[in-house]
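Enquirer: Could you have a look at this structure, given as structure tokens, before my questions?
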Amino acid sequence: MVDGSRWLADVDAHPGEARGLARRVLGRLTAAGIVMGDPTECVLGDVSGGYAPGPAHLSVVCGGPGGFPDVWPNGLEIDVGRTAFYGPIGEGDRVACPHCAAWLPFEAVAPVVGDWADEGGPGALACARCARRAGFNEWRWPVPCAFAELGLRFWNWPPLSEAFVRDLAGCLGHRLVAGRSGSL
């Protein structure tokens with residue numbers, strides 16, 4: 001199996017509130033037994049530790065127990081801070097302007113996204129055709145993408161249930177964008 005993750009990105013979280021929201025979500029997930037409360041080395045991301053699946057982890061995924069792989073990594077990673085979440089983007093993929101549908105090749109957009117994530121650059125693109133600017137989350141991407149201050153990565157988990165995603169969105173009071181990375 002190739003390692004991958006299911007991710008949920010809170011596209012409405014502001015930098016000053018992301019840490020508090022992360023604590024709220026972790027508290028909810030540990031209280032429900034979806035993940036364990038003590039961090040372990042169960043994720044691949046840039047964070048120092050993740051949260052292993054708890055006794056109720058199967059209650060939030062689609063499929064039965066056979067659908068949850070017994071592999072490492074298999075925990076929840078919580079990303080706080082500017083992060084780009086995206087799925088497998090292929091060569092030649094394009095992003096489309098939300099105003100006029102003109103497109104840009106992903107290769108032209110990637111450096112702007114990198115500047116936003118690494119250097120604090122603006123989280124917007126200007127359209128070459130209509131010259132209007134729009135935030136990254138407004139552009140139409142070839143696969144689910146999100147640019148957020150808070151995100152949850154479930155490493156090697158089966159698809160998350162829609163009810164679970166709705167419940168977390170309600171807990172946060174924000175829009176969540178769901179996607180996957182790797183070849184899950």
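The values are calculated or read from the model by the stated rules, or taken from the named source; none is laboratory data. Because the structure is predicted, anything quoted here is derived from the model rather than measured. So basically every Cβ, Gly included, is an ideal-geometry build from the backbone, and we count neighbours across all protein chains shown. Just the protein is used for accessible areas: all its heavy atoms, side chains included, with ligands, DNA and RNA removed. Shrake-Rupley method; radii C 1.70, N 1.55, O 1.52, S 1.80 Å.
Enquirer: Enumerate cysteines in the chain without a disulfide-compatible partner, where compatibility requires another Cys Cβ under 4.7 angstrom.
Expert: Among the cysteines of the chain, those whose Cβ sits 4.7 Å or more from every other are CYS42, CYS62, CYS145, CYS171.
Enquirer: Go through 5-12, 161-168 and give me the packing order, highest mean Cβ count within 10 Å leading.
Expert: Packing proxy ranking, top to bottom: 5-12, 161-168.
Enquirer: Using a Förster radius of 30 Å, what is the FRET efficiency between ARG166 and ARG132 based on their Cβ-Cβ separation? Nearest 0.05, please. Each step should come with its number before you reach the end.
Expert: Details: r = 32 Å, r/R0 = 1.07.
The value I calculate is 0.40.
Enquirer: Now a separate question. So, with +1 on the Cβ of K and R and -1 on the Cβ of D and E, and no other charges, what is the size of the charge dipole of the chain about its Cα centre, to the nearest 20 debye? Present the calculation step by step, with values, prior to reporting the outcome.
Expert: Details: 15 positive and 20 negative charges, 128 e Å.
For the chain, the charge dipole is close to 620 debye.
Enquirer: Per residue, how large is the accessible surface of the chain? Use a 1.4 angstrom probe and give square angstrom.
Expert: Details: 9030 Å² over 184 residues.
Heavy-atom SASA per residue in the chain reads 49 Å².
Enquirer: How large, in percent, is the carbon and sulfur part of the accessible surface of the range 40-184 at a probe radius of 1.4 Å?
Expert: Details: 3690 of 7040 Å².
Of all accessible area on the range 40-184, carbon and sulfur atoms account for 52 percent.
Enquirer: Between beta-carbons, use under 13 Å as the cut-off and find the net charge around ALA148, counting Lys and Arg +1, Asp and Glu -1.
Expert: Details: positive: ARG82, ARG153, ARG175; negative: ASP10, ASP12, GLU17, ASP79, GLU149.
After counting each charged neighbour, the total is -2.
Enquirer: For Cα pairs less than 8 Å apart in space and 6+ apart in sequence, what is the mean separation divided by the residue count of the chain, i.e. the relative contact order in percent?
Expert: Details: 369 pairs, mean separation 71.7, N = 184.
So the answer I get is 39 percent.
Enquirer: With point charges of +1 on the Cβ of Lys and Arg and -1 on the Cβ of Asp and Glu, referenced to the Cα centre of the chain, which listed residue (PRO39, GLY173, VAL143) lies farthest in the positive direction of the dipole?
Expert: Value computed over the given set: GLY173.
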